[in-house]
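To start, the structure under review is shown below, and the notes come after it.
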Amino acid sequence: MNLKPAILGGKPVFKKIVPIAVPTLPTAEAILPKFTAVLKTGMITNAVNVKKFEAQVAEYLGVKYAVAVSSCTSGLILVLKSLGLKGDVILPSFTFHATAHALIWNGLKPVFVECDQESYTIDCNSVEKAITARTCAIIGVHIFGNPARVEKLEDIARRHNIKLIFDSAHGFGSRYKGDNLGCYGDAESFSLTPTKLISTAEGGIVTTNDRSIAEKLIIGRNYGDSGDYDCAFSGLNARMDEFSAVLGIESLKMLESNVQCRNRLVSLYKSLLGGIAGLSFQRIDGDDRCSYKDFSILVDKNLFGMDRDLLSAALMKENIAVKKYFYPPVHRQKAFKRFSKGKNLKITDKLAFNSLSIPLYSHMEEDTVKNICLAITRIYDFAPKIRALKIKKGVS
Ligand SMILES: *Cc1c(COP(=O)(O)O)cnc(C)c1O
């Protein structure tokens, strides 16, 4: 057996690429009869299945209203619109860029703040410090499914009389102090795209306990037309179609098992990687549950023997797909740089430049996790030689 890592000419641990994420989908037997039934009615969008899915999600999450939309991003855009906001909105930079896009589409100014170095979620002290007379709202994000400090953020928002919204794209399956997310702040927007725990192909769903927000969302996803063809505000076409809703209804049944599988796989990852110098993991509070939409490792280049980028290159050579989430951090991206002049987000940069998401999906085999850990261990063992190669050949 050749023990050398593939980047040094050894045989890759995997013959075929291990993808970073794969949707866990319902079976064709469960789905197709329902698709056929939809076709027979001719009602292919925003009809009975959407209503049923909304009711099931609301019940599952324990929230009054759930409004299905075309994506988490359109959900966020419509929530901000429904709240009639003007001014500055505080948000983390260590997040997926969609959180920030939703602000720009509403003419709102993003104010990027730090995240907490252990939980990776928005840092409450930085939020408090960033509040000015122009601040109209805060957006929290449940990073990789780790719940943001929702109660602290609610307290800050209440004291300053500003709105609080959650980008809950990673939130299905997460629990804060034992309770499902979905009922915090003014509204939360969940994503249902294929890389999340459950998927409707494309789609999202907004949850809120505020009836007036729910009503505006329902109008907003229909161009802003409440039915009389006399729009009171500018909306979107952000409806969910019936096929997506069927997928959602069937996928929701799998959510609990998906999140449990991911938590088991992450325990295995942590037990096999925990002993390697220079690797650390996101901290999840003991009372909370992380959905593990992603599993990310933080690389300390001095202790591990190489930086995140070199580890990433070495893992790709082993046929292991990895992703530098979230890099570059949003405040450094071309579309948002102009909002972060003179900003120094040290912790955000540390996470963005040193984190690597490695494969995780709900039906992943334990052996795949074990072999990925074997690959990482081997790369670590050969770190000096891999570093030398980088200097010689400019591998990155
Ligand atoms: C996936 C994701 C989104 C966007 O979700 P869509 O449903 O694709 O619009 C927004 N925010 C975060 C944090 C995400 O990971």
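The values are calculated or read from the model by the stated rules, or taken from the named source; none is laboratory data. Please read all numbers here as calculations on a predicted model, not as lab measurements. Cβ sites come from the backbone with ideal geometry, for glycine too, and all protein chains shown count toward neighbours. Heavy atoms of the whole protein, side chains included, go into the accessibility calculation; ligands, DNA and RNA do not. Shrake-Rupley method; radii C 1.70, N 1.55, O 1.52, S 1.80 Å.
Residues checked against (1) closer than 18 Å to C72 by Cα; (2) charged (D, E, K, R):
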site	(1), (2)
D210	no, yes
L217	yes, no
R221	yes, yes
F233	no, no
A245	yes, no
S251	yes, no
M254	no, no
N258	no, no
Review point. Looking at (1) within 17 Å of Y269 (Cβ to Cβ); (2) surrounded by fewer than 22 Cβ atoms within 10 Å (Cβ to Cβ); (3) in contact with a helix residue (DSSP H, G or I) (Cβ under 8 Å, 6 or more places away or on another chain), which is the only condition I320 fails?
Key: (2)
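Does segment 75-92 hold any residues that are within 12 Å of the ligand (Cβ to nearest atom) and open to solvent by less than 10 Å² (accessible area, probe 1.4 Å), and which are they? Write out each step before concluding.
Step one: of segment 75-92, the residues within 12 Å of the ligand (Cβ to nearest atom) are 75-78, 91-92.
G75, L76, L78, L91, P92 - these are the residues of segment 75-92 that are within 12 Å of the ligand (Cβ to nearest atom) and open to solvent by less than 10 Å² (accessible area, probe 1.4 Å).
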Exercise for review: Kindly indicate which of L356, L374 is in contact (Cβ under 8 Å) with a residue 60 or more places away in the chain, open to solvent by 70 Å² or more (accessible area, probe 1.4 Å) and within 30 Å of Q260 (Cβ to Cβ).
Suggested key: L374
Exercise for review: Could you list all residues from segment 39-58 that are open to solvent by 50 Å² or more (accessible area, probe 1.4 Å) and within 18 Å of T200 (Cα to Cα)?
Suggested key: L39, M43, I44, T45, N46, V48, K51, K52, A55, Q56
Practice item. Answer yes or no as to whether K343 is open to solvent by 10 Å² or more (accessible area, probe 1.4 Å) and at pLDDT 95 or above. Key: no
Practice item. With a cut-off of at least 3 residues that are under 30 Å from D179 (Cβ atoms), name the helices (runs of 4 or more DSSP H) lying wholly within segment 282-396. Key: 346-354
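Quick check on segment 330-337. Is at least one of its residues farther than 13 Å from F144 by Cα and of a type in the set (A, V, I, L, M)? Steps first, please.
We begin by selecting, within segment 330-337, every residue farther than 13 Å from F144 by Cα; these are 330-337.
Cutting the leftovers down to of a type in the set (A, V, I, L, M) gives us 330, 335.
Scanning segment 330-337 turns up at least one residue that is farther than 13 Å from F144 by Cα and of a type in the set (A, V, I, L, M).
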Study note, to complete from the structure: Considering segment 93-107, residues that are within 16 Å of the ligand (Cβ to nearest atom) and outside any helix (DSSP H, G or I), and then whichever is surrounded by the most Cβ atoms within 10 Å (Cβ to Cβ), we arrive at S93
Review point. So R264 clears everything in (1) outside any loop (DSSP other than H, G, I, E, B); (2) open to solvent by less than 60 Å² (accessible area, probe 1.4 Å) except one condition, right? Which one?
Key: (2)
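Please find, among D230, D225, D210, the residue that is surrounded by fewer than 17 Cβ atoms within 10 Å (Cβ to Cβ), at pLDDT 95 or above and within 30 Å of R289 (Cα to Cα). If you could, list the steps in order and put the result at the bottom.
Details: D230 fails: within 30 Å of R289 (Cα to Cα); D225 fails: within 30 Å of R289 (Cα to Cα).
D210 is the lone residue from the list that is surrounded by fewer than 17 Cβ atoms within 10 Å (Cβ to Cβ), at pLDDT 95 or above and within 30 Å of R289 (Cα to Cα).
With farther than 30 Å from S70 by Cα and free of Cβ contacts under 8 Å to residues at least 40 places away in the same chain as the only criterion, which of K16, K4, K11 stands out?
None of the other options fit; the residue is K11.
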